[in-house]
1. Hey, fewest Cβ within 10 Å first, where do 321, 132 land in order?
2. For residue 352 and residue 57, what is the calculated FRET efficiency with R₀ set at 51 Å and r taken between the beta-carbons, to the nearest 0.05?
3. Say R0 is 22 Å: what FRET efficiency, to the nearest 0.05, do residue 135 and residue 267 get from their beta-carbon distance?
4. Could you give the C-alpha radius of gyration of region 238-316 expressed as a fraction of 2.2 N^0.38 Å, taking N as the number of residues it contains?
5. What distance in nm separates the two pseudo spin-label positions at residue 149 and residue 103, each 7 Å out from Cα along the beta-carbon direction?
6. Apply the Karplus parameterisation 6.51 cos²θ - 1.76 cosθ + 1.60, with θ equal to phi minus 60°, to every residue of region 86-99 and state each ³J(HN,Hα) to the nearest whole Hz, in sequence, with x for glycine and proline.
7. How many times 2.2 N^0.38 Å is the alpha carbon radius of gyration of region 284-345?
8. Starting at the first residue of region 63-75, write each ³J(HN,Hα) from the Karplus equation 6.51 cos²θ - 1.76 cosθ + 1.60 with θ = phi - 60°, in whole Hz, x for Gly and Pro.
Amino acid sequence: MICRFMLATVLLGGLVIPPGCRGAADRVPAGVRGEAVPRTSFNEHWLAGRLGRPAPADPAPPGVEPTEPTFDDPRSVLRWVLSRSPQPAVVYPTEGYYYYTLALGPRTISGNIRLADAAHGRFSVGYFDPLHPADSRSAHYRDGEPGITLRHDPSTRRVVLRADGIERTYLLDASALDPPPMTLLEGERLITGLRDESGYALVLLYHAPSRGMYYTLNPSLATPEPLDGFTVGPHRLRVGRESRFIFFHHPPTGRDVLVAVHRDHIRRNTWFDGPFDQFPPHLRLRETLEEAYPYVIDAGGIDDNGNFLALAGQRLAISPHLEYDSADELARALAATLRVDPGPAAWLAATYEPKRDWRPPPAPIGPDLASPGAHRADRSVAWPANHWGHASARWPSGHDAALSPGWPANHDAATSPRSTPE
């Protein structure tokens, strides 16, 4: 999918919602999609219980009772979410999204208030219908606009929003940003700590010799769910009971490396679809990201924080983990890459991201690749495996991974459907 391969944030209130793709903020609790839910619910309430934090306070009277929200009016949704938010509210995910779901007649929408740019006096609201992901709305606001006030205190990480007479305070949680001291392996560099919307506290590391990144559990903070152990050959792994996150346990360092995320959570847009969109928004990482993902240079470049310069509102996704459906599938994938005592190079091989090695085609794409069935080997040498001709000509923006599992490298939709995995 495009979101996994390229982008983490599109300016849709901080959402990534192209047709047929997951959004960066389309976070629906497992079991909610398509079912009856409370009028308004928040990721914060669910996380507080998992993390042993105090229960969110009841919302204060809004002062001005908002009108009924409507899908086509983001301002009405903003007022409603503010009026129902706890006071104060806590934003746990480290990229600064306050996630909510809201029942609107026959719809249940999923969205967020994005506070990543509160220090610059800006915020946004965005949402979509998970049953129809292309159906989405967003709006962007700035302090001083009619009816809008935003105050940000960096010393306390407090953001006070006021919209049309309704005010709430949001606390940007920083408990996972600074991981505990850890012994780094040769070639490693610690990038940051972060907290995913699933509640997991993770550490993002970069291994320069392998030119790749990986996530490990933060051992100093509790996990939001029990982890059960199992083995694949000589290797010990751990799996989250609800999230189905898979971690590889590395005895020499005591680390648990995130190696896989369940594909069903990705399909259903749950809070367990992986931490690719939660690295803090204002890290200065341009040189490291260009080294790890050279294609960003060909895509017009990125700024110091990983935002694409030529693709408005889009941010690089860091997604070094497999997507799996079954334990047998995962065991086969890991057995091919993990050694008896694997280190960073093996972890990165096991969680390989095709976008790390993509380069543009050696010649311009001509009309001969404009339709299915027009595969040309001489034009596809730069495409990663499992891409189809008429879409991969624009890789990664046109690729749909759901249509191509099991195809050999450089095959297109017209010829590859009958291919089988090796």
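Every read-out reported here was derived from the displayed coordinates using simple, explicitly stated rules and does not represent laboratory data. It should be emphasised that the depicted structure is a prediction, and the values quoted were computed from it without experimental measurement. Every residue, glycine among them, receives a Cβ derived from its backbone with ideal geometry; neighbour counts consider all protein chains shown.
1. 132, 321
2. Plugging the Cβ-Cβ distance into 1/(1 + (r/R0)^6) gives 0.70.
3. Between residue 135 and residue 267 the formula returns 0.80.
4. Scaled against compact globular proteins, the figure is 1.36.
5. Each label point is offset 7 Å from its Cα along the Cβ direction, giving 3.4 nm.
6. x, 10, x, 9, 10, 9, 7, x, 7, 8, x, 9, 9, 8
7. After normalising by residue count via 2.2 N^0.38 Å, the value is 1.53.
8. Result, rounded to whole Hz: x, 10, 5, x, 6, 4, x, 10, 4, 8, 10, x, 5.
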